[in-house]
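Data first, discussion second: the structure below is written as structure tokens.
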Amino acid sequence: MQILVVEDEPDLARHIAGALTRSGHATEVRHDGKEALETALNRRPDLIVLDVNLPSMDGFTVLSRLRQAQSSSRVIMLTSHGDVESRLRGLNGGADDYLAKPFSMDELVARVTVLGRRGGALAEENVLKAGDVVMDVPQRKVTRKGEKIELSPREFEVLQILMKEPARVFSRNDICERIWQREHQYDTRTVEIFIMRLRKKLELDDGANLIRTVRGAGYQMAVTE
């Protein structure tokens, strides 16, 4: 993968880039938020390792500008703040994963590897349908009544899991295991964040949710003809 490492600490940035390069990825490093945003929009890397605390523009703002520009680059946020509020802000802003400092370099590489393989592992069917929602898997495009719905890479993956088996009820653990594949510890509460974001984007005309909660069990596509 082409990976952009955005970290203002030169030594840490070098170590991250080195670990990812040794894992077979092509890396580029930026230390400044504005410069990183310009590079990301021009180069369109597959994945961005994005620190929160950056000069000129913080990581949350960089992430927001990327998603506003409909960037499909996957983003792993790095921050010294491991609190829930910061994690939710990153995930709600469109990040695909979140890692609090200090972290193990092996864990970062594992998370990058999982994010990198998800596109091919999930793309077994070209087109999925649930009601009036259509997912073009190869194009990573979702439409409803012909109108495109902008999804982050992680939102796309969660929705793809549900749409592939619309009759099945998926627990939060089921979804986590399919996405992260047990390669690192995950917080099942993050699934609730992605479900909430998907519901907001896929809300039906009558205000009903296309993704319904089965109490005590999990989530299921609520497809109505």
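Residues to consider are GLY90, GLY18, GLY33; find the one that is touching a Ser or Thr at 6+ places or on another chain (Cβ under 6 Å) and either in contact (Cβ under 8 Å) with a residue 24 or more places away in the chain or outside the structural domain of LYS148 (by TED's automatic domain parsing) (or both).
Working: GLY90 fails: touching a Ser or Thr at 6+ places or on another chain (Cβ under 6 Å); GLY18 fails: touching a Ser or Thr at 6+ places or on another chain (Cβ under 6 Å).
Going through GLY90, GLY18, GLY33 in turn, the sole match is GLY33.
Each row is one residue, and each column tells you yes or no for (1) modelled with pLDDT under 70; (2) in contact with a strand residue (DSSP E or B) (Cβ under 6 Å, 6 or more places away or on another chain); (3) not assigned by TED's automatic domain parsing to the domain that holds MET135.
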| site | (1), (2), (3) |
| --- | --- |
| SER171 | no, yes, no |
| GLN181 | yes, no, no |
| PHE194 | no, no, no |
| ARG197 | no, no, no |
| ALA208 | yes, no, no |
| ALA217 | no, no, no |
Condition (residue is in contact with a strand residue (DSSP E or B) (Cβ under 9 Å, 6 or more places away or on another chain), over 17 Å from GLY116 (Cβ atoms), modelled with pLDDT of 95 or more and in a strand (DSSP E or B)) applied to region 40-48: is it met by at least one residue?
no
Per the filter on region 1-27, residues over 17 Å from LEU115 (Cβ atoms) and not in a helix (DSSP H, G or I) are GLU7, ASP8, GLU9
Quiz item: Based on what the data block shows, is ALA100 modelled with pLDDT of 85 or more, crowded, with 17+ Cβ neighbours inside 10 Å, outside the structural domain of ARG178 (by TED's automatic domain parsing) and farther than 26 Å from VAL137 by Cβ?
Solution: no
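The values are calculated or read from the model by the stated rules, or taken from the named source; none is laboratory data. As the structure is a prediction and not an experimental result, all values here were calculated from the model. Because the Cβ atoms are built from the backbone with ideal geometry, glycine has one as well, and the counts that use them run over all protein chains shown.
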